[in-house]
Amino acid sequence: MLTFIVRRLLWTVLVMFVITVVVFIIFFKTPGVDPARAIAGRNPNAQTLAEIRAQFGLDRPLPVQYGLMMKKIFITRDLVSYSNQGVRVVQEVFAATPATLSLVFGAAVLWVVLAIAVGIAATLFRGTVFDPLLMVVALVGISAPVFWVGQIANMITQGTLHGTFLFSWVPPLGYTPFTQNPALWFKGLVIPWITLSILYIGFYGRVLRANLLEVQNEDYIRTARAKGISERRVLLRHSLRTSMITFVSLFGLDFAVLVAGGALLTEVVFGIHGVGYLTWQALTNLDLPTIMATTIYGAFFIVLINAIVDIGYAWLDPRIRPT
Amino acid sequence: MTAPGQAAADTSAEPLLEVRDLKVSFRTEDGTVRAVDGVSLSLAPGETLGIVGESGSGKSVTMLSVMRLITDPNARFEGEVRYKGRDLMQLNRDQIQGVRGAGISMIFQDPMTSLNPVYRVGWQIEEQLRAHQQLSKQAAHARAIELLAAVGIPHPAQRVDDYPHHFSGGMRQRVMIAMAISCNPDILIADEPTTALDVTIQAQILGLIRKLRDDFGTAIVLITHDMGVVADLADRIAVMYAGRIIEQGTRRDIFYDARHPYTWGLLGSIARLDRPKPRRLTTIPGLPPSLLRLPKGCAFGARCPHRFGLCDERPELLDKVGDGHLDACHLDLKQKEDLRETTIHPELIEEAK
Amino acid sequence: MATLLEQVEADPGLRPAVAGRNPWALAARRLWRNRIAMASLLLFLVIAVMCLAAPLYAHNVAHVNPFPPNLNGHTVVNGKVVPVMRQGGGVLHLGETPIGPTWDPSHYFLGADSLGRDMAALLLYGGRSSLLVGIGAAVLCSLAATVIALIAGFFGGVTDSLLSRLMDVIWAFPVYLLAICISTELLTHSNGFQFGPLHVQASSLWLPTIIIAFIYVPYVYRPMRGQVLSVVNKEFVEASTAQGAGNLRLIFSEILPNVVSTAIVLLPLMIATTILTEAALSFLGVGVQPPNVSWGTIIQDGTDLIYTRPWVTIAPGLMILLTVLSLNVLGDGVRDALDPRAKLRVEG
């Protein structure tokens, strides 16, 4: 098992390297695009362009350019955004990361717990009115646009019902770092967590329920029942255990995308200046250095999380483990 | 004539298991499927009962219903299943869980999919042990190793920690058997235990079942479509067709004195090495009736070469002579004796010409 | 002795109860019987018709042209003539607040937005855009993905590898980020999108349609390719080839009909997804562009009025919710109809 983990992580490093090369080529070598202009953002003047050419070594051979770029991002970390008044990009991404991680981790914990609860509840209450009821609620969760839910949440918690005891504790929009004020950090994230997780609770609740029902027809579940163990144990130790395999692989994909910047809608609506927010701003301003940095950041997390999920997958399903 | 359910041979002992007029039906979008249409059986302690029939005859559904393992919400049950003084059909969930795996155990057809792939084999055996007996983890583990040894798995102390996919099909079936006998059940139900296995492994598994029966005195219900399997192991045999038992008797009765045209057809379709080679293997022409629309008369009537007027009325499963051999056919004994040989072996007619 | 077939045909007692019926007919019957799916189909159609009839509503019922700003306009409420933009709400009477819902279909039913425009009419026009883009993108995407999947699955080998790698690269990017990136690029740098002789204006609805179709192609491609591969390996295709059928014929008469059902099952869910994506992109400003409106742009416009005129935010979101919900329920129903889990499990 240990060799499996080590091999997987080494593979991750290799993939990361390939990604940085691909990103570099896309941004620096797209035919017809002058990288200096692209980096400079809107309305560059000749002096800025010259400066950029020197700094990034655009007159030097390709591998050197790549090397310089990687140095600026990873080692000296002095990659600068020209369209954003010389802000240091790498630091900006680092500064934005805790916000995104706080948002996504919190929401993930919430949605995994509730999705499992919903999936199990729907299975247990199968045949009664609760099952379709839960599924309708789940469907509504999937069908509501997340940014709209966020707007409505703000409307209620910041506006209409802000005065009441229900929501008077909700702080103004924005993110407070944990190190600065843990209580405020938490209070400011509760509503965003709920908003972001609604969609996923709906989706994963349904997926789990479908899996649990499908698994009921498997031969080994019949064997488990024939052994005389309790229905609850059959559900939790047998059905759920094997259903979690699909759940985990799907979860890994979604979680990775969210961390990589996919939570931008939630971040924008709640004023959380995380990586998604940053990416969106960079994209709409065509701020190339920031886009590069966030892309590499995003790729890194996707690859890392996929590796972790693969390892978790092997732990969950012994058939996959190398002998 | 004695009614079914009263074993003529061993009336002194209470039957261990008694199925009385069991009916199982399923509601579907096309109508009601009558999978089991009034089945009565009894099983004496230590006895081996073979249930023979083709796919769709209701043999598996009958025994799955006895164990209350049918989870289809569209299933409807009627009738009684008496075991140790209780009607299993009336038990609540906790009570039936107490019976399953402890009093009555079941093994299934496909060993490749019948074990949970994510748990070690030892863990799965221990789970059953600890569900019914107060055992510590170590004790259960030791017992699991013993059981694996008893079913002939080499190096049981190492293998107990392996996962199912580390075992071959035959080995997995042995593991299933080990699990099933772990709590010393009174009855072991084996639903086509060898159908999915190679012929050589088949013989081994059947040998294992016989050995366990002899060692522990477990009663066995052996479900199969293969007459060869029951020829060796079964004390009594019940032949099912279209959800009904159409003949029931001792092994000798069925093989040498069969009293139903369907049974004759089954016997005739066995390739025999000790007879002249027929030009074709005999088959029973036609198809079983749809379980959605069972005929009012004899279920086998449409395919029976000896059908006559009375057959429009459903024949009851009765012991017509009082010798414990029941059949559901309107032909009288003399007619049956006359027709038997030529129906089973039509090549004899050819020879005679 | 008659053959088995002859016997079965002669004797009605021997025929199986459910004779072989056309699987499409069976599926349609099952879907028809699924009342909940039918109800959602009805809901979706009602919404679609209402939105497509937006011009009718605007001209004949509300008598407005909802697109140009109407800051100085007036309307009639309870028989009295009132200005559409009222002097400031709140304690300090600051700014101008548009009129709220009057619940009168012919006079600003849902009130006005910050430019004094009739919300109800805008809502319907917005729906029109959202539905056109959503359905268009889903259909375009399915077509493209099916064609690519057919080519990849049928020809296999290098073709398959290349196409699948290409799909993987697109798939690797988080969907929304990719869409934002492409949209921004096409909306700001070039005026619209030039593809040879094809020129799509930045303000056209085609632009978001094509972009959204593009980003989802890998998602439809994967299941379609799987389906194509499983069919290609089946014997009847071999049989057809042995009979001398050419490639094109094979693809269209043998393989395509068998994979179409997968595309149909996916379609309602795809439309639900594309509508949500369009709404998100429009909300962020990189989807439907002015002068067009969509439900997403209306929600964005409603941000300023969120505490004073909540209906500007609630109404379009509710419409999206109902539309997508009805599509999800319908999608479930279609899947169940074409691929039902066997309700019967009778053995031996």
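Computed from the coordinates by the stated procedures, all read-outs in this text should not be read as laboratory data. As the structure is a prediction and not an experimental result, all values here were calculated from the model. Note that each Cβ is placed from the backbone with ideal geometry, even for glycine, and that neighbours are counted across all protein chains shown.
Structural remarks
- GNM result for chain B, Cα springs below 10 Å: residue of B:305, B:289, B:111 fluctuating most strongly: B:305
- Segment A:101-287: relative contact order in percent, alpha carbon pairs under 8 Å with at least 6 residues between: 30 percent
- Diffusion coefficient, µm² s⁻¹, Stokes-Einstein with Kirkwood Rh over alpha-carbon pairs of segment B:101-156 at 10 °C and 1.306 mPa s: 130 µm²/s
- Relative pair counts by distance (%), Cα atoms of segment A:101-287, 10 Å bins: 9, 30, 30, 19, 9, 3, 0
- Euclidean distance of C-alpha centroids, segment C:43-66 and segment B:85-145, integer Å: 65 Å
- Centroid-to-centroid separation of segment A:98-172 and segment B:32-74 [C-alpha atoms, Å]: 48 Å
- Summarising the strand pairing of the protein assembly as shown, around 70 percent of its internal DSSP beta bridges are antiparallel.
- The charge dipole of the protein assembly as shown, taken about its Cα centre with unit charges on the Cβ of Lys, Arg, Asp and Glu (plus for the first two, minus for the last two), comes to roughly 1260 debye.
- Residue-averaged [θ]222 nm for chain A, counting only DSSP H segments that reach four residues, each worth -39500 (n - 2.57): -22500 deg cm²/dmol
- The magnitude of the dipole of segment B:90-176, with charges of +1 and -1 set on the Cβ of Lys/Arg and Asp/Glu and taken from the Cα centre, is near 60 debye.
- Among A:200, B:119, the ranking by other beta carbons within 10 Å of each residue's beta carbon, starting with the fewest, stands as B:119, A:200.
- Prolate/oblate/rounded call for the protein assembly as shown, Cα gyration tensor, a/c under 1.5 rounded: prolate
- Computed on chain A, with alpha-carbon pairs under 8 angstrom and 6+ residues apart, the relative contact order is 26 percent.
- One Cα centroid belongs to segment C:266-308, the other to segment A:244-323; the line between them spans 24 Å.
- Shape of chain A, Cα gyration tensor, a/c cut at 1.5: oblate
- Helix-only CD estimate at 222 nm, as mean residue ellipticity for chain B, using -39500 (n - 2.57) per DSSP H run (n ≥ 4): -9500 deg cm²/dmol
- Of the peptides C:294-306, C:67-79, the order by per-residue mean of other Cβ atoms within 10 Å, starting with the highest, comes out as C:294-306, C:67-79.
- Exceeding the 23 Å Cα-Cα cut-off - candidates B:211/B:277; B:23/B:59; A:227/B:59: B:211/B:277
- Cα lying deepest toward the dipole's positive end in segment A:101-287, options A:148, A:285, A:122, charges on Cβ: A:122
- For the protein assembly as shown, with +1 on Lys and Arg beta carbons and -1 on Asp and Glu, the positive-most of C:157, B:245, B:106 along the dipole: C:157
- Most fluctuating residue given options B:65, B:290, B:136, as computed from a GNM of chain B linking Cα atoms under 10 Å: B:136
- Partner lysines whose Cα lies under 18 Å from the Cα of residue B:334, excluding those fewer than 8 positions away in the same chain, are identified as B:320.
- Relative contact order (%) - chain B, alpha-carbon pairs under 8 angstrom, separation at least six: 21 percent
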